[in-house]
1. Loop-only trypsin sites (Lys or Arg not before Pro) in segment 54-144, please: DSSP not H, G, I, E or B, and at most 11 other Cβ atoms within 10 Å.
2. Give the Cα extents of segment 25-145 along the principal axes, in whole Å, largest first.
3. Place the peptides 444-451, 486-493 in order of packing, highest mean first, counting for every residue the other Cβ atoms within 10 Å and averaging per peptide.
4. With a 10 Å radius around each residue's Cβ, average the other Cβ atoms per peptide and rank 75-87, 520-532, highest first.
5. How long is segment 454-500 along each principal axis, judged by its Cα atoms, biggest number first, in Å?
6. Do any of 247/531; 92/355; 133/526; 172/532; 117/172; 135/347 go past 27 Å between their Cα atoms, and which?
7. Please give the solvent-accessible surface of residue 127 in Å², to the nearest 10, using a probe radius of 1.4 Å with every protein chain present.
8. Could you provide, to the nearest whole Å², the per residue accessible area of segment 22-171 with probe 1.4 Å?
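The values are calculated or read from the model by the stated rules, or taken from the named source; none is laboratory data. Keep in mind that what you see is a predicted model, and the values were worked out from it rather than measured. Positions of Cβ are generated from backbone atoms using ideal geometry, with glycine treated the same way; all protein chains shown enter the neighbour counts. Ligands, DNA and RNA are excluded from the accessible area calculation, which covers all protein heavy atoms including side chains. Shrake-Rupley method; radii C 1.70, N 1.55, O 1.52, S 1.80 Å.
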Amino acid sequence: MKKKLLAIISLVLLFVGVPLVCMAAEAEEAASWFYQSAWSLLPPVIAIVLALITKEVYFSLFIGILTGGLLYANFSFEGTINTIFTGAMMEKLSDPWNVGILIFLVILGIIVALMNKSGGSAAYGRWASNRIKSKKGALLSTFALGVLIFVDDYFNCLTVGSVMRPVTDKFKISRAKLAYIIDATAAPVCIIAPISSWAAAVTGIVEGYDGLDLFIRAIPYNFYALLTLVTIITMVVLKMDFGPMAKNEQNAENGDLFSTDDRTFASEEVEESSSKGKIIDLILPVIVLIISCIGGMVYTGGFFSGEAGFIEAFADCDASVGLVWGSFIALVFTFLLYIPRRVITFKDFSKCVVKGFNAMVPAILILTFAWTLSGITSMLGADAFVAGLVDKSAAGLQFFLPAIVFLVALGLAFATGTSWGTFGILLPIVVAVFPASSEMLIIVISACLAGAVCGDHISPISDTTIMASTGAQCNHIIHVSTQIPYALLVAGVSTVSYIIAAFVQNVWITLPLAIVLMIGVLLLMKLYISKKANQ
């Protein structure tokens with residue numbers, strides 16, 4: 001059926017798209033007919049739906065990109081090619097921020113390969129296995145490590161995955177479940193941590209206000225992030241899973257950690273590592289990586305030059321450049337830690353450089369396609385179209401505005417695959433709606449941030465979701481399809497919580513109510529699952 005669907009889509013593009021291209025080939029260049037209309041959301045919708053149906057992420061992203069190029073160029077052949085490659089892909093790949101992220105990924109891939117080759121990961125796995133005695137302990141340990149690494153979501157995803165995979169594999173935890181915990185403790189933790197690349201991004205967007213003060217005041221109202229953490233702990237304690245995740249966990253219990261024929265990462269499990277490796281060979285590089293990444297961020301914000309204090313430097317930092325600095329320093333440290341002690345040879349070190357780069361190629365390719373699709377979506381004016389909807393809905397719906405903003409931000413982040421872009425678009429709008437002294441302003445800002453994280457969390461074209469799949473070494477579409485039901489459940493409770501918050505406007509009442517409501521919903525689901533299993 002999947003092959004037939006792909007064939008039908010290809011034929012439609014061939015027999016419908018080509019004639020339209022030919023008809024428009026000689027037309028004068030003009031503004032896109034579809035600019036700032038509902039059609040501007042069609043490319044990401046096509047890519048997402050195709051990815052979920054066919055499980056072919058590269059092909060799906062390309063079809064979405066092609067659709068966006070055709071719409072932007074008014075079906076002109078030359079314009080479509082220019083839009084895809086010159087206007088979107090090359091533009092995104094020449095963006096210093098994106099280049100910095102790619103460099104960071106490659107260096108981090110090399111460090112992970114070195115830790116595996118040195119035997120540090122294996123030594124930690126043996127140490128943790130002797131102290132972690134149950135599946136519940138392995139899940140909670142993964143969760144705790146994810147919460148501790150709050151500096152940056154990319155760093156979180158790859159580090160937690162590489163450290164905890166041996167432990168979760170021992171206790172037959174599916175790669176899909178590992179990817180979910182990694183993803184659910186990456187962006188949700190970063191968006192409630194005042195010292196993180198996400199806090200820096202948010203504070204830089206809100207002009208005319210103390211951005212960091214607004215961010216800190218918004219943390220207790222960030223229901224999606226907080227309730228996601230509550231959900232993970234509750235489900236681990238209750239030993240419950242539902243939806244596609246339950247099937248993956250059942251397969252893992254029977255020895256199939258992947259639940260798919262795709263074994264892209266399986267070969268890496270059996271690679272021979274050094275017998276000289278110790279736990280310190282994994283712990284020290286990770287600690288240095290954390291410290292150097294924080295140092296790199298505040299360096300770019302002017303802390304070491306005396307231009308700003310620590311908090312101000314973090315708010316004004318360039319996270320992309322800071323991560324490159326931090327990862328490079330950690331790579332040099334890892335070299336000096338391993339080579340003089342002869343934990344690995346220089347030849348092995350050189351091989352790990354290539355291996356680390358190769359391990360990141362799938363993630364880099366998906367990121368490139370995702371960035372290109374996001375760029376074309378922006379060129380079509382999807383951000384302005386959605387922003388207009390929010391602006392129009394503000395009048396007369398003030399008490400429902402937090403819930404509306406949450407859902408709109410969720411949809412925009414899901415369609416574009418970027419939470420930073422989403423709150424970059426919506427925050428200036430919501431800030432202009434309410435006065436600075438209003439509690440409602442804090443609630444709406446929190447709803448915007450929470451919706452952006454939620455949409456990013458479940459989007460197949462989100463870079464954070466891609467990093468979580470890479471960190472867990474899990475098939476990307478398997479990861480997305482298994483975590484969507486969990487994320488949507490939390491999103492539903494968050495929506496109700498924002499409606500309550502708008503009327504109550506007291507976080508000390510609203511947050512406990514939201515937590516109780518979330519736990520209550522999970523308990524009801526547990527009872528329903530148990531009752532269904534006994535029938």
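1. Here the sparse-neighbourhood loop sites are 133.
2. 70, 30, 22
3. Most protected by this proxy first, the peptides run 444-451, 486-493.
4. Ranking, from highest mean packing down: 75-87, 520-532.
5. Each principal axis gives a Cα extent; for segment 454-500 these are 39, 17, 14 Å.
6. Checking Cα-Cα distances, 135/347 exceed 27 Å.
7. Per-residue accessible area (residue 127): approximately 100 Å².
8. 43
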